[in-house]
Amino acid sequence: MAIAQENPMEKLGRIKGEVLRIQTDIQRKNDTISTLKAQIELLENQVFISKSQIHGRKITFPATVKMDGKVRSSNDPFSDILANVYKGDTVRLTGYQDGYWITSKNNLLGYLSELYITDTDETKILKKELQKQYESQRDSVRKATPKDYELSDRERQAIKEKFEQEIKEAVIEKYGHITAQQLFSHFYWIGMTSDMAQISLGTPTTINRSVGSWGKNEQWVYENLYLYFENGKLTSYQKSK
């Protein structure tokens, strides 16, 4: 007895239907994964803030200093220098005000520019929460005391220039004039460190990390540029069109 063979058109339709079913199933699962990831991120943020809270609403978190810097008496680059911190030091972050971390080290409390602190997912969460608390407290003070707290444009520009000059001096002292000038000109090259890249190009939009027995690999994503680091050294880069 002969076995009837499937018509090619019927077979093509069946295969296309199977592909469509699989694609629909994959899309549904991807949507579910995206929803679960969003829930995980929200819960991780809540757990992190909860673990970081001590003494009521007081928040503190350990962080690493990524380059030599100065702890000042206020969040103002003209204020007095209280102490120096050095790359690799550990400080505790207890507050955040307009670009400055309020830091504690060896019982000394002062202000340290956020540029000197290694940026991590945890510090981003903490910064957002602390800035929210600071702005809430500042708004309450302004409502209670009718006083003009705003700086003039000239004062703001003077503070900005002073701060930028301080950063430049620190970079020159660390890397020398030639390398520092390359960084100030936003150059990047194979072999540069991740610290150099952040000085030259700023903080990337996204950092994708992978860790294994070979060490730590990172992909830094900018608007039209991808940098690839192996154990803190730039090994390749790719420009997008």
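The values are calculated or read from the model by the stated rules, or taken from the named source; none is laboratory data. What you see is a predicted model, and the numbers here were worked out from it, not measured in a lab. The accessibility values were calculated without ligands, DNA or RNA, using every heavy atom of the protein model including side chains. Shrake-Rupley method; radii C 1.70, N 1.55, O 1.52, S 1.80 Å.
Pairs with C-alpha atoms separated by more than 25 Å, drawn from the list 66/160; 160/216; 160/239; 105/233, are 160/216; 160/239; 105/233. Here residue 14 sits with roughly 130 square angstrom of accessible surface, probe radius 1.4 Å. Residues 228, 86, sorted by accessible area with the largest first, give 86, 228 [1.4 Å probe; ligands and nucleic acids excluded].
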